[in-house]
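The values are calculated or read from the model by the stated rules, or taken from the named source; none is laboratory data. Keep in mind it's a predicted model, so treat the numbers as computed, not measured. As a convention, Cβ positions derive from the backbone with ideal geometry for all residues, glycine included, and neighbour counts pool all protein chains shown. Keep in mind that these areas ignore ligands, DNA and RNA; they rest on the heavy atoms of the full protein, side chains included. Shrake-Rupley method; radii C 1.70, N 1.55, O 1.52, S 1.80 Å.
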Amino acid sequence: MSTGWIVLGVIVVLALFAFSAYNRLVALSQRVGQAFADIDVQLKQRHDLIPNLVETVKGYASHERGTLDDVIKARNSAMSAQGPAQVSAAENQLSGALGRLIALSEAYPDLKANANFQQLASELSDLENKIAASRRFFNNAVQEYNTGIQQLPAALFAGMFGFTRKDFFDLGASRTEVEAAPQVKF
């Protein structure tokens, strides 16, 4: 009789561990989803800003068609990307194209002095800062989630419950550009 109670006690303890691990992993997974949704909101705002920026630049530098087309193609690609890995790659491509577009203002003083362009460039800069903050929050949530599915006792149950590793919102190939020290020339 006492052996039956011990077995029942062990089963109850294991069930409590499983329920606890499952609930914790669900909460962490929800946090990752919410963090990605935050990035998505910021990216949509950036996507909405780009046509206005392109139209403003087009008025001053219409013969820079290649750069303008690259920005539009990169925007369309970024808007259709799905999941963190694809979105990250597409957004990195868009950031590069936007960098080239903003660099055009150096070659066109009238464009650089245009109040509409200055406002749009300022809004874009602000959005880039918000996107960077959202990426940090997302990557932190992914790190906590990935750690959670690898720690005991959750690691014993995570695979059974369908919890798998999530990808970070990575800088990808542009990481070397970001980590490199800026070149200053006089």
Taking the stretch 1-60 as the region of interest, how many residues are in contact with a helix residue (DSSP H, G or I) (Cβ under 7 Å, 6 or more places away or on another chain) and within 30 Å of Q119 (Cβ to Cβ)? 18
If I go through the stretch 21-43 residue by residue, how many of them are under 12 Å from the mean Cα position of the chain (by Cα) and not hydrophobic (A, V, I, L, M, F, W, C)? 5
Which of the residues belonging to the stretch 92-120 are under 13 Å from R46 (Cβ atoms), touching a helix residue (DSSP H, G or I) at 6+ places or on another chain (Cβ under 6 Å) and of a type in the set (G, A, S)? A97
Residue satisfying all of: in the stretch 105-143; charged (D, E, K, R) and closer than 18 Å to A85 by Cβ; nearest to the chain's Cα centre (by Cα) among these: R135
May I ask you to list the residues in the stretch 148-162 that are under 24 Å from I39 (Cβ atoms) and either at pLDDT 95 or above or in contact with a helix residue (DSSP H, G or I) (Cβ under 6 Å, 6 or more places away or on another chain) (or both)? G148, I149
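From A21, A27, which residue is assigned to a helix (DSSP H, G or I) and modelled with pLDDT of 95 or more?
Working: A21 fails: modelled with pLDDT of 95 or more.
Going through A21, A27 in turn, just one is assigned to a helix (DSSP H, G or I) and modelled with pLDDT of 95 or more: A27.
Just give me the residues in the stretch 6-63 being touching a Leu at 6+ places or on another chain (Cβ under 7 Å), among the polar types (S, T, N, Q) and open to solvent by 30 Å² or more (accessible area, probe 1.4 Å), in sequence order.
Restricting attention to the stretch 6-63, the residues satisfying the condition of being touching a Leu at 6+ places or on another chain (Cβ under 7 Å) are 42, 45-46, 49, 52-54, 56-58, 60-61.
Retained after the next criterion (residues that are among the polar types (S, T, N, Q)): 42, 45, 52, 56.
Listed by number, the residues that qualify are Q42, Q45, N52.
Restricting the search to the stretch 144-174, which residues are over 29 Å from A15 (Cβ atoms) and open to solvent by 50 Å² or more (accessible area, probe 1.4 Å)? Steps first, please.
Residues of the stretch 144-174 over 29 Å from A15 (Cβ atoms): 167-174.
Correct list: D167, F168, D170, A173.
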Of the conditions (1) open to solvent by less than 60 Å² (accessible area, probe 1.4 Å); (2) in contact (Cβ under 8 Å) with a residue 40 or more places away in the chain; (3) assigned to a helix (DSSP H, G or I); (4) under 17 Å from V32 (Cα atoms), F137 satisfies every one except a single condition; which number is it? (1)
